[in-house]
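K.L.:
Submitted below is the structure of interest, expressed as structure tokens.
Any read-out appearing in this document is the output of simple, stated calculations on the displayed coordinates, not a laboratory observation. In this text, all values refer to a predicted model and were calculated from it rather than measured experimentally. In this analysis, Cβ positions are derived from the backbone assuming ideal geometry, glycine residues included, and neighbour counts consider all displayed protein chains.
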Amino acid sequence: MKKLISRIALIVLVCTCAGLYFGGCNVVTRFYYKLYGEKMLWDSTFLTMDTHLLGFAFPQGQIALYLDQNPSIGPTSFIGRIYAEILQIMYFSYYFWGNAMAVYLLVQYFFLSCKNNSYQLPLQLPRVLQEETSLTQEQQWRRLMMFTTAWTGTYLLNFVMNMVFPAVSPRIYIADQYQNEISGLFFANSIRGALKGAAANSFGAFPSGHCGLSWLAAYTARRLGFVRYAKCAKIAAVHITLATLILRYHYLVDMLCATILLAFGITVGHLYSQEVYERQVMGGAAPTRRS
């Protein structure tokens, strides 16, 4: 039982440290902002890069600026309010996909470990966690550690890049160029307000953690064998990616460079092929199947 508790404490500690590191990065960035002001921001560089990439199609390469100037499908139209509602809700769902999978793996490992060691618990294993699996307790632990390494490691890389390349997003940097506020139908306005408050005095536009970590969640779910969950997470990742641009949260460059986060998470988590994943879970033994 001590081994089980210590392992769960390790996972909780790692995740807590990631949150503390995020706060520390923000403190450092805000300190430098007080010293250097907007001179430290990379927004002008990212805006220039967007202009080179998509300036032929949209003003300064911003699809949100194009939509803002289009009365038929822009923020003031009914169509605009519909897609704003959908995309805003999906953008917020970013906080669910990976974190829910982390909780699932952790709780499942705890319950099944107790069962394997004949520990009596006042609660039964929830049906959703009663996964048919041939994995041993140690293999389940390796799977949990692989996910934790990929997930928290990617967060840490994202925070470092946010600190090295501070940017406030087009929603703030070119706010004076937008003529209309984005507005949804039901929940979008409240969600947008909450996110605006949470992002106040932050400089984490580059790269887009929403994009990188959402796709990592979908990819990881598929690799771990959660097929239906992976399909849902993939659909969410597509909508989150669109939302970053349409809802003015990120530059195109932020979205493209989110692939760095995805590649990093896949690499450190040993998730880049089914064979490598299975070999890691099995502790170096030959995998049961190949991708």
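K.L.:
Report, to one decimal in Å, the Kirkwood hydrodynamic radius for the chain based on all distinct Cα pairs.
P.N.:
Details: mean 1/r = 0.0482 Å⁻¹.
Result for the chain stands at 20.8 Å.
K.L.:
Pull out a ≥ b ≥ c, the square roots of the eigenvalues of the alpha-carbon gyration tensor of segment 197-291, then state rounded if a/c is under 1.5, prolate if not and a/b is larger than b/c, and oblate in the remaining case. If you can, show how the numbers build up before the last one.
P.N.:
Working: a/c = 3.06, a/b = 2.16, b/c = 1.42.
Prolate, because a/c is 1.5 or more and a/b exceeds b/c.
K.L.:
Show that you can apply the helix-only estimate: for the chain, add -39,500 (n - 2.57) for every DSSP H stretch of four or more residues, divide by all residues, and state [θ] at 222 nm to the nearest 500.
P.N.:
Mean residue ellipticity at 222 nm (helix-derived): -21500 deg cm²/dmol.
K.L.:
Right, here's the next one. Eight or more residues apart or on different chains, and alpha-carbon atoms under 26 Å: count the Lys pairs in the chain matching that.
P.N.:
Within the chain, the lysine pair count is 5.
K.L.:
Let me ask something additional. Between V27 and T48, what's the calculated FRET efficiency when r is the beta-carbon distance and R0 is 41 Å? Round to 0.05.
P.N.:
On the way: r = 29 Å, r/R0 = 0.71.
Rounded to the nearest 0.05, the efficiency is 0.90.
K.L.:
Another question about this same structure. Just going by the charge dipole of segment 196-280, with Lys and Arg at +1 and Asp and Glu at -1 on Cβ, which of L216, I266, A230 is farthest out on the positive end?
P.N.:
After comparing all options, I get A230.
K.L.:
Highest mean first, how do 210-222, 6-18, 89-101, 49-61 rank when packing is the count of other Cβ atoms within 10 Å averaged over residues?
P.N.:
Details: 210-222: 25.5, 6-18: 13.5, 89-101: 18.8, 49-61: 16.1.
Result, highest mean Cβ count within 10 Å first: 210-222, 89-101, 49-61, 6-18.
K.L.:
Tell me, F165, F78 in order of fewest to most beta-carbon neighbours within 10 Å?
P.N.:
F78, F165
K.L.:
Hey, another quick one. Please give the FRET efficiency for L185 paired with S72, using the beta carbon to beta carbon distance and R0 = 25 Å, rounded to the nearest 0.05.
P.N.:
For L185 and S72, the calculated efficiency is 0.90.
K.L.:
Can you compute the FRET efficiency between I79 and Q137 using 1/(1 + (r/R0)^6), with r the Cβ-Cβ distance and R0 = 45 Å? Round to the nearest 0.05.
P.N.:
That pair, I79 with Q137, gives E of 0.30.
K.L.:
Can you tell me the orientation of helix 94-116 relative to the chain, as the angle in degrees between its alpha-carbon axis and the longest Cα principal axis, to the nearest 10?
P.N.:
In the chain, helix 94-116 runs at an angle near 10 degrees to the longest axis.
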